[in-house]
Amino acid sequence: MIVTEVFLLFVAVPLACVAEETAVQTVPDGCTKISKTSFLNSNCESSLMSTLGHYCSMMFPDRSATNGQWLGTVNNRDPKCRVCCVYSDGQNIQYYNVTTALNSLPCAPKKKCKNGRCV
């Protein structure tokens, strides 16, 4: 009886820890994982991430119909001028999509995106 209780304790602790983590779909190359805190902070202040998140919601309208939140990031070393779009569904699951950056988005010192290229 005691052995069973000890076994259940060791099984329950890891399950409780996993339940608190954020489930992440595959993070595309060149994108970075976005923390849950970033989503919480974006509700309090306007930033490039939240502005790009609005752009992402327009680029992926099917997912935007649900009750979640978009954030966007850019990789300044990416010559393809891509925006990494991250959608959090409010249930600690994040979905990643990549789209072409807006024309005129800064991509490197003295360079801007134009038709998906940093020029």
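Worth a mention:
- If only residues of region 55-69 that are in contact with a Phe, Trp or Tyr (Cβ under 8 Å, 6 or more places away or on another chain) and within 13 Å of Thr99 (Cα to Cα) are counted, the one that is surrounded by the most Cβ atoms within 10 Å (Cβ to Cβ) is Cys56.
- At least 2 residues being within 12 Å of the chain's Cα centre (by Cα) and within 18 Å of Asp89 (Cβ to Cβ) is the threshold, and among the helices (runs of 4 or more DSSP H) wholly inside region 24-73 those reaching it are 36-42, 48-59.
- Test: residue in region 96-113 that is of a type in the set (Gly, Ala, Ser), outside any loop (DSSP other than H, G, I, E, B) and within 13 Å of Ser57 (Cα to Cα): no
Laboratory data are not the source of any read-out in this text; all were calculated from the coordinates shown. All figures in this text were calculated on a predicted structure; none of them were measured in a lab. Don't worry about glycine lacking a Cβ; one is built from the backbone with ideal geometry, like all the others, and counts go over all protein chains shown.
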